[in-house]
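The values are calculated or read from the model by the stated rules, or taken from the named source; none is laboratory data. All values reported here derive from a predicted model rather than from experimental measurement. No Cβ is skipped: glycine too gets one built from the backbone with ideal geometry, and neighbour counts run over all protein chains shown.
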There are 2 protein chains.
Amino acid sequence: MANPTAAMLVIGDEILSGRTRDANMHFLAGRLNEIGIDLKEVRIVSDDGPDIVAAVRALSDRYDHVFSSGGIGPTHDDITADSIAEAFDTPIDIRDDADALLQAHYDRQGLEFNEARKRMARIPDGALLIDNPVSAAPGFTLRNVHVMAGVPSVFKAMVESVLPTLTGGSPLLSETVRIERGEGDIAGPLASLAAEFPTLGVGSYPFQKDGRYGANIVLRGTSPDELARARGQLLELFPKDAS
Amino acid sequence: MANPTAAMLVIGDEILSGRTRDANMHFLAGRLNEIGIDLKEVRIVSDDGPDIVAAVRALSDRYDHVFSSGGIGPTHDDITADSIAEAFDTPIDIRDDADALLQAHYDRQGLEFNEARKRMARIPDGALLIDNPVSAAPGFTLRNVHVMAGVPSVFKAMVESVLPTLTGGSPLLSETVRIERGEGDIAGPLASLAAEFPTLGVGSYPFQKDGRYGANIVLRGTSPDELARARGQLLELFPKDAS
């Protein structure tokens, strides 16, 4: 049976402006592969309502799961929750359970639970809250969209809250073979190998470093046996240059 | 006049699988902002022909420029050039100018210009070549799509070959103010500031580090005067905590 599929939606002007380097995508990609959910697409859009709505609808239609990051804080540029509600024509308002969580958190901290902070209790009707053990303000799951914070420590914690609730498939395994030959010399034999192992992904990633060049050949699949056989054949094809 | 807009299309299973962390997006975002082209969206798709074709069509329709990275090497998984040709219903074949460039390069290196390497001379009809000073194999521009390599050193060189041919607008400038207060305390005054400066982007990026917390407020715009005024007001709003 094919693995469930997923997309990630990163909401953030700060990444598109080149100010910040996204850290969440790499983390999510690794964790999803471990549990057998195939990450098929990532989109990064700006903090713009219509753009978020359009992306959520497109990705939610196409993939089994959508994971979003960013835009669920208390400031004026945090418009993700409202955009998700709009994408699914779902009412949204301050919800008692989220409100109580936040009230307790700010009481503990001795901080005022003011109007801006109350915005973080706005949750679309019918959504499930995602636990945030770091800073209390919850994420939520509406239909197949999991809405999480952009701050990396909070994003990670929320991913770990959500993943146990999902049904994965076969973990994606990989083997890497480093071949110190020009990619053009590797290409012919590699295409034959890829044709012989149609269930494996066979990728070639060239490198040039410290005067040495070649390619890392990455074999990906769910069967350890197939991967081991393909790896063995690849090493035999380039006995002097592969490792 | 509004700045030209752009999208980036990253083609690469290796990023979706979590194996590789993309480096090109951050570089391109920074360079585009410097010359006044607004990066509005990034998509990362796998090495899959129909996915690439669909993304190219969608992004090319919507933005003034599309910059792609990855998938133009000699191996079987390098399908970008053919996918771009398909997206625009344009014929593609080995082209004499690209062929001559590559032939000369491999002659100099004493390497065989074999069938796999010849694939890198496949260029859609009517495309302009993009110079590759690193490893010869050219990128190309077809309509408003600039097709470049995924290897970071080559991607950077190709971006520097393309940018001088484009007409930019007003560079996007930014000012960052660090405020050591909870985002919930900053949110109200910040929303008023954002409303007062409608031509500026005002983003709030919370941090928690070494026991300190607060937010970096990033003001973005094309007018140095407006930015300076907004920054001044922001510092006055939080005299004890902003820097």
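Which one of these does B:Ser161 not meet: (1) away from every other protein chain (no Cβ under 14 Å); (2) buried (at least 17 other Cβ atoms within 10 Å of the Cβ); (3) touching a helix residue (DSSP H, G or I) at 6+ places or on another chain (Cβ under 7 Å)?
Only one criterion in (1) away from every other protein chain (no Cβ under 14 Å); (2) buried (at least 17 other Cβ atoms within 10 Å of the Cβ); (3) touching a helix residue (DSSP H, G or I) at 6+ places or on another chain (Cβ under 7 Å) is unmet by B:Ser161, namely (3).
I'd like the residue in region B:1-31 that is more than 11 Å from chain A (Cβ to nearest Cβ) and at pLDDT below 95 and, out of all such residues, is nearest to the chain's Cα centre (by Cα).
B:Asn3
Counting just the residues of region A:196-219 that are aromatic (Phe, Trp, Tyr) and in contact with a strand residue (DSSP E or B) (Cβ under 7 Å, 6 or more places away or on another chain), which one comes out nearest to the other protein chains (Cβ to nearest Cβ)?
Across region A:196-219, the extreme among qualifying residues is A:Tyr205.
Take B:Ala127 and decide whether it is under 23 Å from the mean Cα position of the chain (by Cα), crowded, with 21+ Cβ neighbours inside 10 Å and in contact (Cβ under 8 Å) with a residue 40 or more places away in the chain.
In short, no.
Looking only at region A:203-240, which residues are on the phi < 0 side of the Ramachandran plot, surrounded by 14 or more Cβ atoms within 10 Å (Cβ to Cβ) and in contact with an Asp or Glu (Cβ under 7 Å, 6 or more places away or on another chain)?
Correct list: A:Gly203, A:Ser204, A:Tyr205, A:Pro206, A:Ala215, A:Val218, A:Leu219, A:Leu227, A:Arg231.
When region B:32-54 is examined, which residues are found to be more than 17 Å from the chain's Cα centre (by Cα) and either among the β-branched types (Val, Ile, Thr) or in the same structural domain as B:Arg220 (by TED's automatic domain parsing) (or both)?
B:Val53
For region B:32-59, give me the residue count where each residue is over 24 Å from A:Gly30 (Cα atoms), more than 7 Å from every other protein chain (Cβ to nearest Cβ) and crowded, with 17+ Cβ neighbours inside 10 Å.
Of the residues in region B:32-59, 8 are over 24 Å from A:Gly30 (Cα atoms), more than 7 Å from every other protein chain (Cβ to nearest Cβ) and crowded, with 17+ Cβ neighbours inside 10 Å.
All but one of (1) over 21 Å from A:Ser69 (Cβ atoms); (2) buried (at least 17 other Cβ atoms within 10 Å of the Cβ) hold for A:His146, so report the exception by its number.
(1)
Of everything in region B:50-81, what is over 12 Å from B:Val10 (Cα atoms) and of a type in the set (Gly, Ala, Ser)? Give them in sequence order.
Within region B:50-81, B:Ala54, B:Ala58, B:Ser60, B:Gly73, B:Ala81 meet the criteria.
All but one of (1) over 24 Å from A:Ala137 (Cβ atoms); (2) within 12 Å of chain A (Cβ to nearest Cβ); (3) basic (Lys, Arg) hold for B:Lys156; which doesn't?
Single failed check for B:Lys156: (2).
Does A:Thr222 satisfy the criteria of being of a type in the set (Val, Ile, Thr) and either in contact with a Pro (Cβ under 9 Å, 6 or more places away or on another chain) or within 10 Å of another protein chain (Cβ to nearest Cβ) (or both)?
Yes: the conditions hold for A:Thr222.
Of everything in region A:181-195 that's without any contact (Cβ under 8 Å) to a residue 24 or more places away in the chain and not hydrophobic (A, V, I, L, M, F, W, C), which residue is nearest to the other protein chains (Cβ to nearest Cβ)?
The selected residue is A:Gly184.
This table checks each residue for (1) in contact with a strand residue (DSSP E or B) (Cβ under 7 Å, 6 or more places away or on another chain); (2) not acidic (Asp, Glu).
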site: B:Asp47; (1), (2): yes, no
site: B:Asp51; (1), (2): yes, no
site: B:Arg57; (1), (2): no, yes
site: B:Ser60; (1), (2): yes, yes
site: B:Gly73; (1), (2): yes, yes
site: B:Ala81; (1), (2): yes, yes
site: B:Arg95; (1), (2): yes, yes
site: B:Asp99; (1), (2): no, no
